[in-house]
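K.L.:
Below is a structure I'd like to ask you about.
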Amino acid sequence: MKPAVLIAIVVFIVLAILHQDVWNWDNADLVFGFMPIGLAYHAGYSIVAASFWAIVMKFAWPTRLEEWADETDDAATNN
Amino acid sequence: MTPIIVIAIYLGALLAFALFSSRFSRGTSADYFVASRSIGPFMLLMSVFGTTMTAFALVGSTGKAFQLGIGTYGLMASSSGLIHAACFLVIGIRLWAIGKRHGYVTQIQFFRGRFDSNAFGYLLFPILVLLVIPYLLIGVIGASKTMMGLTGPKGPNPGMFPEFFESTGGAIPPELTGAVICLVVLCYVFAGGSRAAAWANTFQTIVFMAMGILAFTLISNKLGGVGAAIEQAKASHLVRTESDHAGVSAITFLTYMFIPLSVGMFPHLFQHWLTARSAKAFKLTVIAHPICIMIVWVPCVLIGIWATGILPPDATPGAVLAMMVGKLISSPIIVGMVTAGILAAIMSSLDSQFLCLGTMFTNDIVLHGGKKNRFTDKQVILMARLFIVGIVTLTYILSLVLFKQNVFDLAIWCFSGFAALTPLVIAALYWKRATLPGAYASVIATTVTWFYFFKQSGYGGEYTVNGVMPVAYCWLAGAVAMIVVSLVTKPPSKQTIAKFFPS
């Protein structure tokens, strides 16, 4: 397994734990004067998740899989 | 009458846009089923996102936030941003590669090949079809109820068409709405197959995303701005703590993360994955999916929370968005546009589901077992079209028969069923030791546990086991059965391994 893939798996597990957001469970403070902090946390989390996937795309992209897919077999010639 | 004209214009534009795509058709069955594997990054993102987000993204999210509070977003949206993208990357791209290499157009073709068994396809086929059908009914019945709400009587005032529809108090009846929705979707799916569905989904996804933002902007302005709007919301809905029927428990919040895994086994999403031009086309879908979810869900969740200070607490959750729009927005044009947005969210899932069932019946039942050579490409397309007409007709009839039943209670169970089957696809893709008996054991264990909990729930609706979502148990049962039985049975042949795993 490539080190980048291993790191991605570890970070994914950390993100899944952070998703629980135990810090703001009963906090009703407002962010920017209109968004409850529990909602703001998870909206920010969505942006972090997108950034995480962008980094994964950069460093753990399955290049070999793409080359392998191009070697279509005779039965596939459904393409 | 104005909202109906706006909706009619929207449906006309949708049809024109989808049918325009047929100019790019190559006229082959591969084009009909998987758009000749030619869909680029933006259209793939829009069609995958549009298919994943049903009307629940607009109507359900608002209603659920009205019920539970802000926990709704973390429970259903931000978890999906992480898990859906993981499924697209880990399951979608690999299935796309295998599908392209071996010319597959359905999930069952992959599983039959991977486990070297025709019979396994006959076990999986009815399970997948039975899990998709309630999903179809929810779409058609949801559209009918939306239109009845829009055109029905408001207090002492009669409905929009009292002279035409006496029995419904002037509201457009489900027979008419269902027929129009089914016919519009049937027209473009019949004509253009997968390519038309991708084009239509792109248009519809842009429409429902824009209409959600429009509703949010207009409602917040009417309430005196976002700051003033949140001040009159119920305090219990601003936190996730369980109180007064609002909030969500920590264990439910945690185990709800199994639900978004369902995208890994949706047959209609599988078909969209196969339309990708290249693996690189997935990059935008994986990265932008969490952002698209945020754009749709945050405004709707906030509208639902604001509604707690405006609507009576016993308001029907599914009607909260329509009630807020009706109460705070007087322009009939805007009402028509928001309703068109709701219909767009419904239809962007319906088209893919109709198409995938037609594709499955054609390829997994009729053409299976080397029978494809008996038919010309034109005959294969005709066969798929006839199946799609049959499925649309059956869905329409069932939607009328079951209109008064609460099919919406089945939604969470459909998602749970698909999610609980993901150990099967993950093992098939990544574990060389996964065997046919292991696959059988996994599907049977999942089905038995799913049915046990479904029965315990009273056949539908929200149900937890001491706060734990049943899908967690079903998923674990499927995973354990797959691992244990595979380890004690004969490994797959070297040919099978060579065929499905890059060396």
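K.L.:
Can you give the FRET efficiency for residue B:295 and residue B:463, using 1/(1 + (r/R0)^6), R0 = 30 Å, r = Cβ-Cβ distance, to the nearest 0.05?
P.N.:
It comes to 0.45.
K.L.:
Tell me, how many Å apart are the Cα centres for the stretch B:39-108 and for the stretch B:386-425?
P.N.:
18 Å
K.L.:
FRET efficiency for residue A:63 and residue B:119, Cβ-Cβ distance as r, R0 = 41 Å, nearest 0.05?
P.N.:
0.65
K.L.:
Distance in nm between label sites at residue B:157 and residue B:389, each 7 Å beyond Cα in the beta-carbon direction?
P.N.:
So the two model labels end up 4.2 nm from each other.
K.L.:
Using the alpha-carbon centroid of each, what span in Å lies between the stretch B:2-34 and the stretch B:264-318?
P.N.:
The stretch B:2-34 and the stretch B:264-318 have Cα centres separated by 22 Å.
K.L.:
Relative to the first principal axis of the alpha-carbon coordinates of chain B, what is the inclination of helix B:411-420, with its axis defined by its Cα atoms, in degrees from 0 to 90 and to the nearest 10?
P.N.:
Taking Cα atoms only, the helix is inclined about 30 degrees.
K.L.:
Related question: As an exercise, take the mean of 1/r over every pair of distinct alpha carbons in the stretch B:2-406, invert it, and state the Kirkwood radius in angstroms.
P.N.:
21.9 Å
K.L.:
Same structure, new question: So which lysines can residue B:327 reach, going by Cα to Cα under 22 Å and dropping same-chain residues fewer than 8 places off?
P.N.:
Excluding near neighbours in sequence, the set is B:64, B:145, B:154, B:222, B:234.
K.L.:
Hey, which lysines would be in cross-link range of residue B:283, C-alpha to C-alpha under 18 Å, not counting anything within fewer than 8 residues on its own chain?
P.N.:
A:58, B:100
K.L.:
Something else: Could you provide, to the nearest whole Å², the per residue accessible area of the stretch B:2-406 with probe 1.4 Å?
P.N.:
33 Å²
K.L.:
What's the angle, to the nearest 10 degrees (0 to 90), between helix B:59-68's Cα axis and the longest principal axis of chain B?
P.N.:
70 degrees
K.L.:
Just need the relative contact order of chain B here, percent rounded to a whole number, with Cα pairs under 8 Å and 6+ apart.
P.N.:
30 percent
K.L.:
Pulled fully out, how much extra length does the chain show between residue B:217 and residue B:235, if you take 0.36 nm times their separation in residues and subtract their Cα-Cα distance?
P.N.:
Stretched fully, the residue B:217-residue B:235 segment lengthens by 4.2 nm.
K.L.:
Could you give me the ³J(HN,Hα) list for the stretch B:139-146, computed from phi with Karplus coefficients 6.51, -1.76, 1.60 and θ = phi - 60°, whole Hz, x at Gly and Pro?
P.N.:
In residue order, the calculated couplings are x, 5, 5, x, 5, 5, 5, 4 Hz.
K.L.:
Which of the trypsin sites (Lys or Arg not before Pro) found in the stretch B:168-252 are loop residues per DSSP with 14 or fewer other Cβ atoms within 10 Å of their Cβ?
P.N.:
none
K.L.:
Let me know the charge dipole size of the protein assembly as shown about its Cα centre in debye, to the nearest 20, where only the beta-carbon of Lys, Arg (+1) and Asp, Glu (-1) is charged.
P.N.:
It works out to roughly 1600 debye.
K.L.:
Now for a different question. Could you size up the charge dipole of the stretch B:291-442 around its Cα centre, putting +1 on the beta carbon of Lys and Arg and -1 on that of Asp and Glu, and report it in debye to the nearest 20?
P.N.:
Charge dipole, the stretch B:291-442, about its Cα centre: 580 debye, nearest 20.
K.L.:
Moving on to the next point. Calculate for chain B the 222 nm mean residue ellipticity that helices alone would give, adding -39,500 (n - 2.57) per DSSP H run of length 4 or more and normalising by residue count, nearest 500 deg cm²/dmol.
P.N.:
After summing the helix terms and dividing by residue count, I get -22000 deg cm²/dmol.
K.L.:
Mind jotting down the distance between the C-alpha centroids of the stretch A:1-66 and the stretch B:198-249, whole Å?
P.N.:
22 Å
K.L.:
Considering the options B:301, A:38, B:453, tell which one lies farthest towards the positive end of the dipole of the protein assembly as shown, charges being +1 on Lys and Arg and -1 on Asp and Glu at the Cβ, about the Cα centre.
P.N.:
Highest projection toward the positive end goes to B:453.
K.L.:
Counting only protein heavy atoms and rolling a 1.4 Å probe, how much accessible area do B and A lose on contact, total for both sides, in Å² to 100?
P.N.:
Approximately 4400 Å², summed over both chains.
K.L.:
For the pair residue B:280 and residue B:489, what calculated FRET efficiency results from E = 1/(1 + (r/R0)^6), where r is the Cβ-Cβ distance and R0 = 25 Å, to the nearest 0.05?
P.N.:
Here the calculated transfer efficiency is 0.10.
K.L.:
Another one. Near residue B:106, within a Cβ-to-Cβ distance under 12 Å, what is the net charge of the other residues, with Lys and Arg +1 and Asp and Glu -1?
P.N.:
Taking every other residue near residue B:106 into account, the sum is 0.
K.L.:
Set Lys and Arg Cβ to +1 and Asp and Glu Cβ to -1, take the dipole of the protein assembly as shown about its Cα centre, and tell me which of B:321, B:140, B:366 lies farthest positive.
P.N.:
After comparing all options, I get B:366.
K.L.:
Just name one of A:50, A:18, A:4: the one whose Cα is farthest towards the positive end of the charge dipole of the stretch A:3-76 (beta-carbon charges, Lys/Arg +1, Asp/Glu -1).
P.N.:
Going by the Cα projections, it comes out as A:18.
K.L.:
Output the 0 to 90 degree angle, nearest 10, between the alpha-carbon long axis of helix B:174-222 and the longest principal axis computed from the alpha carbons of chain B.
P.N.:
With rounding to tens, the tilt is 40 degrees.
K.L.:
Explain nothing, just the number: dipole magnitude of chain B about its Cα centre with +1 on each Lys and Arg Cβ and -1 on each Asp and Glu Cβ, in debye rounded to the nearest 20.
P.N.:
Roughly 2000 debye for chain B.
K.L.:
Which net charge results for the neighbourhood of residue B:25, defined as the other residues with beta-carbon distances under 12 angstrom from its beta-carbon, given Lys and Arg at +1 and Asp and Glu at -1?
P.N.:
+2
K.L.:
Next up: Can you pull the percent of the protein assembly as shown's accessible area that's carbon plus sulfur, 1.4 Å probe, other chains left in place?
P.N.:
That share works out to 69 percent.
K.L.:
To continue, here is another question. I'd like the trypsin sites (Lys or Arg not before Pro) in the stretch B:318-398 restricted to DSSP loop residues with at most 14 other Cβ atoms within 10 Å, sorted by number.
P.N.:
Passing both the DSSP loop test and the Cβ count: no residue.
K.L.:
A follow-up question, please. At what distance in nm do the modelled label points of residue A:16 and residue B:206 sit from each other, each positioned 7 Å from its Cα along Cα→Cβ?
P.N.:
3.7 nm
The values are calculated or read from the model by the stated rules, or taken from the named source; none is laboratory data. Note that this is a predicted model, so its numbers are computed, not measured. All Cβ positions, glycine included, derive from the backbone under ideal geometry; neighbour counts span all protein chains shown. Accessible surface areas use protein heavy atoms only, side chains included; no ligands, DNA or RNA. Shrake-Rupley method; radii C 1.70, N 1.55, O 1.52, S 1.80 Å.
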